[in-house]
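Visitor: Quick one: the structure is below, questions incoming.
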């Protein structure tokens with residue numbers, strides 16, 4: 001182990017962020033975060049979704065303004081953090097989905113904006129190719145510079161993006177989930193490239209949900225939770241369970257409800273498969289049961305949820321709702337069959353922000369609110385809206401308020417109201433607590449509890465494992481398109497560490 | 001807690017701004033232009049405004065659904081030519097005039113025919129846009145070209161004078177001294193105002209225009225809604241064509257040319273956003289009144305005709321500037337977090353749970 005880490009990095013601090021805080025309405029996204037990176041180290045940054053990693057990196061890149069705190073690079077405190085000053089300071093970001101000019105060649109991508117010209121003022125293509133090839137070989141990157149970027153593999157694109165950053169004198173490169181779409185061979189390729197650059201004194205911040213890889217490549221790792229830095233550890237001072245423990249925190253449950261599961265199966269899927277998304281998915285939900293599904297991005301869980309609501313193709317296999325075959329080709333069909341879905345992207349799929357609370361609550365049930373000739377029954381509409389504002393505790397100046405002006409939690413409650421109004425048999429919730437404050441979270445848990453008490457079968461897709469443990473009768477883990485594990489309250493095996501490990505891809509060799 | 005106050009004020013102003021402007025315009029023109037508020041001139045304003053007004057209804061529906069109908073003025077051309085062609089007696093075409101087809105159909109047959117033609121054109125637009133996934137701008141622009149070209153081909157580029165009196169009733173007739181075209185336009189505004197604010201269809205149009213994805217996820221069919229919107233727009237354009245031809249009593253091949261910009265301008269001036277999902281029919285009506293009044297004033301003031309277009313263009317630009325500021329102020333379309341509306345509170349003070357309800361229940365909001 002030790003010889004792979006004989007990098008030349010000194011203990012000299014390259015980046016020092018101190019006391020960074022950032023709040024959004026209703027959410028403290030970052031609270032007094034200290035974060036530092038040494039010269040030439042690979043520093044892992046882990047934490048669940050919403051832990052504050054992206055906000056912290058946003059502040060570092062100068063695209064989000066912190067409410068307070070300082071950023072120093074090589075001991076020099078930056079007075080003003082804009083994207084340009086951060087780039088000038090040598091900080092570069094390589095996103096998960098690489099942004100390159102896909103229809104141009106590798107050489108053009110490298111020299112874009114600065115193509116060498118001949119004496120007629122035309123581009124000197126020979127020089128372009130030679131220059132870019134020379135630059136790449138200095139980094140030890142073997143790519144044909146005449147190739148179009150769209151023909152490169154994801155790993156090659158990532159390395160090219162890193163190379164581009166280095167040509168712009170980057171000293172610290174943020175890698176955001178670089179391996180999410182990579183095969184093992186490509187991961188090795190990428191890692192050896194990253195290590196080679198590290199030898200030259202370049203530092204990396206490595207953001208990943210794949211803990212195995214963090215242990216493979218990082219020198220140190222920092223854990224974030226709920227907008228705070230939980231701690232920073234040298235990689236040989238900690239193991240996977242220890243890291244997971246830091247990620248999920250001490251308190252196991254945030255909320256606890258009693259099971260309301262009945263006997264009758266109301267929602268059942270068998271052998272559900274969609275190429276490239278999920279495979280052979282089987283589950284059955286009983287009346288009043290709350291079931292959680294958790295999985296990383298790319299595990300197929302997102303596609304499954306959207307497919308079950310008719311927003312995407314569902315693939316092959318059978319689904320039954322209340323015993324009837326169910327195959328939605330649109331959300332309208334899903335609502336009619338008694339399936340309602342709370343989308344993860346509230347702003348895109350959930351709310352119509354320009355319109356009022358009243359209109360948003362009643363969209364799903366307009367058919368029930370019309371009299372003759374399609375004229376809306378105003379009185380019924382108002383009663384229904386007031387009923388749900390009251391029932392779900394939606395804080396709004398009135399039913400005519402544009403939903404745009406509500407807080408995240410109240411917006412989410414409006415979407416809940418829209419779904420509950422359809423009186424569904426099955427409720428599919430996709431990250432229901434994302435971007436809502438603590439109080440609204442508890443309200444939302446109560447809403448879920450109320451609905452399941454009324455017999456609604458609920459499926460919660462969430463990465464908030466602790467919330468799932470408090471809410472669910474059973475928890476499925478999806479990995480690589482399949483349901484790989486099932487935990488249940490009855491079997492008393494819903495341990496956050498175990499669930500998180502299963503989400504990351506099962507027990508690690510190190511623990512076996 | 002200053003921001004919510006300011007916000008509500010701005011919101012109120014942005015919603016009813018046009019009415020303030022309208023009153024101001026009436027006062028200024030009334031005081032400065034002789035005879036501006038005379039019965040004859042008011043009738044004149046309303047009659048010229050009525051064709052514009054009918055077209056604005058259709059265009060407003062399209063804009064509310066976050067679309068645009070550039071083909072409407074082409075529909076005006078085509079239905080006018082087709083109507084004249086079907087009603088007028090056959091006559092050898094000379095340099096200036098053309099005759100009809102020779103079938104000399106009764107106006108009572110021709111009128112439903114051209115209205116249906118307009119609806120079919122609109123349906124075709126909507127179908128191509130929603131079912132064949134074509135870009136609405138290009139589809140309706142190309143359609144305008146097609147329609148205008150057909151009108152020219154049928155009329156052989158010549159005028160067709162002398163449409164029958166029964167046909168001209170809508171555009172030129174009067175009931176109890178009031179022009180029929182004005183009555184009809186007001187009637188249409190009442191009907192569509194009701195449809196958009198009180199009926200299921202209106203609700204769907206706003207929803208689709210504000211956020212098509214969310215509308216679909218709420219159980220609507222955006223395709224069906226938008227196709228209906230375009231069908232209505234085509235129908236109303238045909239009606240405007242009938243009205244215009246009835247007023248002129250002569251089919252001119254390039255009838256309606258250049259109307260589109262005025263129509264869109266009137267809608268936007270009336271508060272219908274180009275970004276969809278907002279605005280009201282009654283606001284659009286105010287926009288029509290404003291534009292008709294300004295056009296009329298430009299005539300009466302003997303503004304150099306060479307300058308008229310520059311002034312009109314400027315007014316349209318100002319309306320667009322206001323529209324753009326409105327949406328900038330509300331944050332980027334669709335995906336904005338409420339940060340902007342509650343700006344000024346960077347507070348690290350106070351517990352985070354308590355802050356929200358407080359902010360939302362500021363007394364200023366009621």
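Visitor: Quick one: Cα centre-to-centre distance for the stretch A:126-173 and the stretch A:195-236, in angstrom?
Guide: The distance from the Cα centre of the stretch A:126-173 to that of the stretch A:195-236 comes to 24 Å.
Visitor: Gap in Å between the Cα centre of the stretch A:293-369 and the Cα centre of the stretch B:26-45?
Guide: 57
Visitor: Taking the beta-carbon count within 10 Å as an exposure proxy, list A:431, A:318 from fewest neighbours to most.
Guide: Values: A:431 21, A:318 12.
By the 10 Å Cβ count, ascending: A:318, A:431.
Visitor: Still on this structure: Under the Kirkwood approximation for Rh and a Cα-based Rg, what ratio Rg/Rh is obtained for the stretch A:48-161?
Guide: Rounded to two decimals, Rg over Rh is 1.08.
Visitor: Partner chain Cβ atoms within 10 Å, averaged over the residues of B:281-291 - can you pull that number for me? Please report the intermediate quantities before stating the final value.
Guide: Working: counts 0, 0, 0, 0, 0, 0, 0, 0, 0, 0, 0.
Mean partner-chain Cβ count within 10 Å for B:281-291: 0.
Visitor: Same structure again: Extent of the stretch B:111-168 along each principal axis, from alpha carbon coordinates, in Å, largest to smallest?
Guide: Principal extents (largest minus smallest coordinate, Cα): 43, 24, 13 Å.
Visitor: Quick check: the distance between the Cα centres of the stretch A:434-512 and the stretch B:125-140, to the nearest angstrom?
Guide: 44
Visitor: Another one. Considering the Cα trace of the stretch A:312-414, what is its radius of gyration and what is Dmax, both in angstroms?
Guide: In order Rg, Dmax, the Cα atoms of the stretch A:312-414 give 15.7, 47 Å.
Visitor: In what sequence do A:218, B:62, A:472 fall when counting other Cβ within 10 Å, fewest first? Working shown, then result.
Guide: Numbers: A:218 23, B:62 29, A:472 26.
So the ranking, lowest neighbour count to highest, is A:218, A:472, B:62.
Visitor: Here is a follow-up. For B:152, A:285, which order do you get if you count the other beta carbons within 10 Å of each Cβ and list the fewest first?
Guide: Fewest to most other Cβ atoms nearby, the residues stand as B:152, A:285.
Visitor: With the convex hull built on the Cα atoms of the stretch B:57-260, state its orientation-averaged projected area in nm².
Guide: Across all orientations, the stretch B:57-260 yields a mean hull projection of 11.7 nm².
Visitor: Over the Cα atoms of the stretch A:119-193, compute the convex hull volume and normalise it per residue, giving Å³.
Guide: With only Cα atoms used, the stretch A:119-193 gives 113 Å³ per residue.
Visitor: Can you give me the P(r) profile for the stretch A:172-329? Cα pairs, bins 10 angstrom wide beginning at 0, each as a whole percent.
Guide: 8, 26, 25, 23, 14, 3, 0
Visitor: Let me ask another. Dividing the convex hull volume of the Cα atoms of chain A by its residue count, what figure in Å³ per residue is obtained?
Guide: 182
Visitor: How large is the convex hull of the C-alpha atoms of the stretch A:420-474 per residue, in Å³?
Guide: Taking the convex hull of the Cα positions in the stretch A:420-474, it is 85 Å³ per residue.
Visitor: Would you mind checking the radius of gyration and Dmax of the protein assembly as shown based on alpha-carbon positions, in Å?
Guide: My reading of the Cα-based Rg and Dmax gives 32.5, 101 Å.
No value in this document is a laboratory result; all are computed from the given coordinates. Since the model is a prediction, treat every value here as computed from it, not as a measurement. Note: ideal-geometry Cβ built from the backbone for every residue, glycine included; neighbour counts use all protein chains shown.
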